[in-house]
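Participant: I am attaching a structure below and will ask some questions about it afterwards.
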Amino acid sequence: MSDMWIVINTVVAVLAVVVFIVRFHFNPVISLVLGAAYLGLATKLGVGTTVDTITGGFGEIMAEVGLLIAFGVLMGSVLQEMNAIQRLVGTLLRTFGPKRLPYALSLTIATLLQSIFLDVLLVISAPLARNLAPKIGKYGTARMATALAIALECGIVFMVPGVATLALAGLLGVPLGKMMIYGLILIVPVVVLSVAVMSFVFRHGWWNEEKDEQQIVVVPEPVVPEPADSDDEPLETGGGVAQKVRTEKQTSLLVLLSPLLLALVLIAIGAVLEVAEISIPVVEFIASPVIALLIGLVETCLIGRYHVGQARVEKALARGFAESGQILILTGVGGSLAAVINEAGLGDILGQYFTASTAAPLLMVWVIAAALHIAVGSVTISAITSAGILAPVAPLIGLDPVFIALAAGAGSLFAVHVTSNTFWLLQSLMGQSTRGTLKTCSVGVSVASVIAIALIVPMSWIL
């Protein structure tokens, strides 16, 4: 089959996925499988090879990141049940003060809290951010909304264990420790610079409170009931409200977050040992990402049993299993499409048109991911699909796959708009108008996307 026919059919398959999702409102999972099936048959891979490639691609990506996603989501669900995020925001306010709060909050969410499902993290943190907005001065709503949007979206594509980050690393064969280190090097300046740029333009007249904000309504924070008097019923021992009051007062925030911090430190240690070519079997075992996150999950559950009781931990785990199912299937079928694209031979074709310069392929990855995101509205789908299209190019030009992963993540952030659930949640929870949300979310995250690719290209030359 001619190269041109392979390219045309690949474009048709990707466009078909977009049309199915946007026009006919098909589920993304179904749309991706249909696109993969069409591409396999259209490029004459044959029925058997097409089916084997679809299932093999699904299985391969699940082998890489399936347990990581599940453990990360479960850990985040238990942290949510323990009220750790609300307490963390209060600690940041006391530590950094009102003026630095947007930076502190955004960096914390982007780097530390990515085990929590994005929508859940947004629903938890947005009401707190909205109540704190008046305390940071003029344009408080604009700055806090922008900080939240940038942190949430950058975190899932750059920082382990963000869902899209895990999927990208698995698709491109990037060691998770390496992905975490490179992602951390990138995400800190991206978040800080993006929040600073948006704060600057807001201060110089690009925010109109009358048009960009809805009527201000103070969102009540969760109320913790007072402990029972001595004449009341004894404290419950199965995780009831009374136990929650007693144990939450006895458990520090550092203890609640320590399992997550330990897991991230172990993964980082494993990456450093790998780079240094030092072999310590015991450390290699506990520092492997699956075992590190498993250790973190077990410790989080043990702390949760003491802090809120076994019943609430079980409830949190059940909720986490429900959330992780959708994420796992979507990630898996993204791997199926990428596998069919690779099997069809697109990588060899594209490799002929790239030079040894890293700038051209990285910019191409960014453009493809950005275009897909504008059309589909899903950061995860656009990142996975664009990375899958160009993953075969990496070995042909000698480009480290970690930079393809970062570039795909950066491009998928461009133009978060009205097709995104995050857009509407930020609008309602932060008290913005649609016009205001276009500024804080669409423009703010797009600024982060551009800054990210501007940093990734020189990183690929230096590192």
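Participant: Given a 1.4 angstrom probe, I'd like the percentage of the accessible area of the chain that is carbon and sulfur, rounded to a whole number.
Facilitator: 67
Participant: Ranked by accessible surface with a 1.4 Å probe, highest first, in what order do W424, W207 come?
Facilitator: The residues order as W424, W207, largest area first.
Participant: Same structure again: In degrees, nearest 10, range 0 to 90: what is the angle between the Cα axis of helix 176-203 and the longest Cα principal axis of the chain?
Facilitator: Helix 176-203 sits at roughly 70 degrees to that axis.
Participant: If you look for lysine pairs in the chain that are eight or more places apart or on different chains, how many of them have Cα atoms under 19 Å apart?
Facilitator: 6
Participant: How much accessible area does T251 have with a 1.4 Å probe, in Å² rounded to the nearest 10?
Facilitator: Looks like 10 Å² after rounding.
Participant: Can you tell me, using C-alpha contacts under 8 Å and at least 6 residues apart, the relative contact order of the chain as a whole percent?
Facilitator: 25
Participant: What number comes out for accessible area per residue over the chain if the probe is 1.4 Å? Units Å², please.
Facilitator: Accessible surface, normalised per residue, equals 41 Å².
Participant: Now for a different question. With equal scatterers on the alpha carbons only and no solvent term, can you work out the Debye log10 of I(q)/I(0) for the chain at 0.06, 0.12 1/Å?
Facilitator: Computed log10 I(q)/I(0) values: -0.27, -1.04.
Participant: Now a separate question. With charges set only on the Cβ (+1 for Lys and Arg, -1 for Asp and Glu), what does the dipole of the chain come to about its Cα centre, in debye to the nearest 20?
Facilitator: I would put it at about 1180 debye.
Participant: Once ligands and nucleic acids are excluded and a 1.4 Å probe is used, how much of F403 is accessible, expressed in Å² to the nearest 10?
Facilitator: 10
Participant: Among T95, A63, I30, whose Cα sits farthest toward the positive end of the charge dipole of the range 1-121 (+1 at Cβ of Lys/Arg, -1 at Cβ of Asp/Glu, about the Cα centre)?
Facilitator: Most positive-ward Cα: T95.
Participant: Using only Cα atoms, tell me the angle between helix 444-462 and the longest principal axis of the chain; keep it within 0 to 90° and round to the nearest 10.
Facilitator: 60
Participant: Could I ask something else about it? Nearest 10 degrees is fine. How inclined is helix 253-276 to the longest principal axis of the chain, computing both from alpha carbons?
Facilitator: For helix 253-276, the angle is close to 30 degrees.
The values are calculated or read from the model by the stated rules, or taken from the named source; none is laboratory data. Remember, it's a predicted structure, so these values are computed and weren't measured experimentally. Backbone-built Cβ (ideal geometry, glycine too); neighbour counts: all protein chains shown. Just so you know, the surface numbers come from the protein's heavy atoms only, side chains and all, with ligands and any DNA or RNA stripped out. Shrake-Rupley method; radii C 1.70, N 1.55, O 1.52, S 1.80 Å.
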